[in-house]
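The next block holds one structure in the form of structure tokens; read it before the comments.
The values are calculated or read from the model by the stated rules, or taken from the named source; none is laboratory data. As the structure is a computational prediction, the values presented were derived from the model and not from experiment. Please note: Cβ atoms are built from the backbone with ideal geometry, for glycine as well, and neighbour counts cover all protein chains shown.
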Amino acid sequence: MPHTCRNCKRTFGTELELELHLDTCSAGQLYCDECGDRFTERAATEDGWHYRCPNDDCDGKGIDEDIHRVSDARVAKQ
């Protein structure tokens, strides 16, 4: 059964290959509403479940709470 990256749709033969890819997938960039920083998924989580902004001066945490995927952001028209 192939394992597919939910961000870039690339497929991998094993779950381990997918997990290693997710650490560096450029399509999986995250940003924090609290401080505005952008960072990789790897920098924001140690276990893949709990996310926290890696900026030491920021208290942002939680996917879809303070931390969002760049791909989910919408461009506002003025």
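Overview of results
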read-out: Selection from the range 55-71 of residues that are in contact with a strand residue (DSSP E or B) (Cβ under 8 Å, 6 or more places away or on another chain) and under 14 Å from Arg38 (Cα atoms); value: Asn55, Cys58, Gly60, Lys61, Ile63, Asp66, Ile67, His68, Arg69, Val70
read-out: Tabulated pairs, the range 1-24, first more than 20 Å from Asp72 (Cβ to Cβ) and at pLDDT 85 or above, second of a type outside the set (S, T, N, Q) and not in a strand (DSSP E or B), C-beta under 6 angstrom, 6+ apart or interchain; value: His3/Glu15; His3/Leu18; Thr11/Pro2; Phe12/Leu18
read-out: Output for the range 57-78, where each listed residue is modelled with pLDDT under 90 and over 12 Å from the mean Cα position of the chain (by Cα); value: Ala73, Arg74, Val75, Ala76, Lys77, Gln78
read-out: Residue list for the range 35-50, filter: under 21 Å from Arg6 (Cβ atoms) and either in a loop (DSSP other than H, G, I, E, B) or at pLDDT 95 or above (or both); value: Thr40, Glu46, Asp47, Gly48, Trp49, His50
read-out: Tally of residues being touching a helix residue (DSSP H, G or I) at 6+ places or on another chain (Cβ under 6 Å), surrounded by 16 or more Cβ atoms within 10 Å (Cβ to Cβ) and part of a loop (DSSP other than H, G, I, E, B) across the range 6-28; value: 1
